[in-house]
Structure formats: C-alpha cells, structure tokens
Amino acid sequence: MKNVETQIPEEAKFACPHCGTLLEQPANAMNIKSHLAIAIIATLLCCVPLGIVSIIYATKVSQLVSLGKIAEAQEASKKAQMWAWIAVGAGLVFTILYGILQIALSC
C-alpha cells in the first residue's frame, strides 16, 4: 500500500480516506448494542409512533460507531432502548385500557 503523508481526520477511525488503509477499531465499540430487534418488535406489536423513534436511534448506532463517534453511539443506543421500552409500555397501557373499556361497554 501507498503511504500517505496527510493527516487522518479524527472521524476516520477505521479507514484512511486517502488510501483506504484500515485502522484499528476501538475496543469499546464492539460492546455497543443497537437494540434494533426490540425496536422493530415494539413498533410492530406495541406502538408504531414510539417504535419508529426507537428504530431511528437504533439505526444511527452502527453509523456512529463506523465514524468513531463512540460516545454518541452509546447515547443513541441508550435512547433506542429507552424508546423501545416506552413503546412497549404504551402498548400495554393501551391494551389494558381498551380491555377495561370493552368490559364497561358490554355491561
């Protein structure tokens, strides 16, 4: 490979933008979960609007990791998980209220 004498930008953590040389990936980047599966399940089974928010954050995680923005990727991961659980909770609350309403109207 050809040696490049230019500075590698801070956001290029995994490949040199000039010559394509692969750089070492940070160890803590491997531990970041995207929570995409729970986001999709929450969207399909619980609450679509809140699940979509979770999916958006979950899809940002891998992009941020590839740019070397580990702190931002961790924050997006936390938000994806949080919004997925909020969607699950909202779906449960809606289901319980709907059941109570159905029982009340049938009496």
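The single residue among ALA87, ALA73 that is touching a residue at least 12 places away in the same chain (Cβ under 8 Å), within 18 Å of ILE41 (Cα to Cα) and part of a helix (DSSP H, G or I) turns out to be ALA87. Are any residues in the range 81-98 over 14 Å from VAL53 (Cα atoms) and of a type in the set (Phe, Trp, Tyr), and if so, which ones? Passing the criteria: PHE94, TYR98.
Looking across the range 27-70 at every residue that is at pLDDT below 90 and open to solvent by less than 40 Å² (accessible area, probe 1.4 Å), the one that is nearest to GLY89 (Cα to Cα) is identified as ALA29.
The values are calculated or read from the model by the stated rules, or taken from the named source; none is laboratory data. Remember, predicted model here, so these are calculated numbers, not experimental data. Quick reminder, even Gly has a Cβ in these numbers, built from the backbone with ideal geometry, and neighbours come from all protein chains shown. Just the protein is used for accessible areas: all its heavy atoms, side chains included, with ligands, DNA and RNA removed. Shrake-Rupley method; radii C 1.70, N 1.55, O 1.52, S 1.80 Å.
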